[in-house]
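Presented below is the structure to which this report refers.
Where a number appears in this text, it was derived from the coordinates with a stated rule and is not lab data. These figures come from a predicted structure and were not determined experimentally. Cβ placement follows ideal geometry from the backbone for every residue including glycine, while neighbour counts extend to all protein chains displayed.
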Amino acid sequence: MTVFRNTAGGGLNAASRQARRGVADPGVLIVGAGPAGSIAALVLARAGVNVRLVDRAYFPRSKLCGDTLNPGALSIADRLGVGSLVRARARAFTGMLLTGPGGSSVATEYPDGIVGVAVERRDFDLLLLNAAIGAGADFTPGVHVVGPAMGSSGSRVAGVCIRHGSQVREIRARIVIAADGRHSKLASALGLTRFARHPRRWAFGAYFTDVDGLTDRGEMHIRADGYTGVAPLGRDVANVCVVRELERVARDGRCWAEDAIQHAITGYAALRQRFVRARRVSAVTSLGPLAVDATAAGYPGLVLAGDAAGFIDPMTGDGLRFALRGGELAAEAALAELEGETPAHEHLRAARGREFSGKWRFDRALRALVGWRRGVAAVEALSSLWPAPVRLLVGVAGDVRLARG
């Protein structure tokens, strides 16, 4: 697959050429072409807005992720008209396998034929980006955004500052959507986000082939010191993603990613036996600390989307659901302001509260439970006698209700 760009060239040079040709500043400028940014661009372009999408990366690019869309996230992709594209490159999974540190195991199936999918992020992100470009969004890669550009009064964001070599220039826009990830330069510069004090978990990921015992279920292996997700992909490849507390994977002040992956596999008998023949076919990548708290949905002239709007541990597979729906909500907020209604950041604050508050509470409670050893032991003991509550948790975590419409 290739990326089709509406802007010739890349970075500052492309922006400068457009300025010299007299091309108007975009109505909306989106920083970050991941799932949230691309979905926002798709929605806005379909609405006829002049939208420019920029990213420091060139696509396709790899991204550490569990590589899964839970049923709720997949239903959003379907509603936005990109679900069929995703399914064509993905492997469906019909439920989840959960195991506990004491050896318990509960296999669940989603009801009514509902499925999630596993798809590599480099493929998924490129699909969404191409859909946005096909709808009319203007995309420029290789753009390094260093901070917001403020209006003359200093009370409103009026664009972004971009760096090219030693030069810093501005791209102006009526509204900016910051979808530039957990380390968002725009959100941090405005004091809108901060890394959570606790828990401070890191993620480590790699791809393996020849893993025994893969099925049509995703897997979550919960341990006293974190959890390990296994997602079966196509071509006999499995994504292995390990999440651990920082102090449990640190040595001499450094995080040793390969150690974290190896410990997760060899430290648990059920996984160790299944990885006897397995071969790692990628480098081990790391990401952390994971949790990011957002104090607001935006600032006058700017709204947040995706991980820039806050990030919770990926245990429930909610990350892409929050990204897709969050990008859509950011676009709707921008449209509301462009049409003379509520300021975008105020519109988005209310919309995100309505949409996500219940699931945020669920995710935080589950995250706290997994970090409480006695709680994990109690749930494990209960599940061995009565698996129904665990199956209910899997349904809530996978947003099955949303998938049902």
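Observations
- Extreme residue, positive dipole direction of the stretch 277-330, given options 292, 319, 281 (C-beta unit charges): 281
- Value of Rg to Rh for the stretch 250-311 (Rh from inverse mean 1/r over Cα pairs, i.e. Kirkwood): 1.21
- The listed peptides 69-80, 85-96, 279-290, ordered by packing as a protection proxy, come out as 69-80, 85-96, 279-290 (highest mean of other Cβ atoms within 10 Å first).
- When only Cα pairs below 8 angstrom with a gap of at least 6 residues are kept, the chain shows a relative contact order of 22 percent.
- Once you reduce the stretch 124-141 and the stretch 287-344 to the center of their Cα atoms, the two points are 19 Å from each other.
- The P(r) of the stretch 282-331 has a tail past 18 Å containing 38 percent of all C-alpha pairs.
- When the Gaussian network model of the chain links Cα atoms closer than 10 Å, the mean-square fluctuations of 257, 278, 333 top out at 278.
- Approximate shape of the chain as ellipsoid semi-axes (Cα gyration tensor, √5λ), whole Å, largest first: 37, 21, 21
- Each DSSP beta bridge with both residues in the chain is either parallel or antiparallel, and the antiparallel ones are about 75%.
- Dimensions (Å) - the stretch 132-266, Cα atoms, principal axes, largest first: 60, 41, 27
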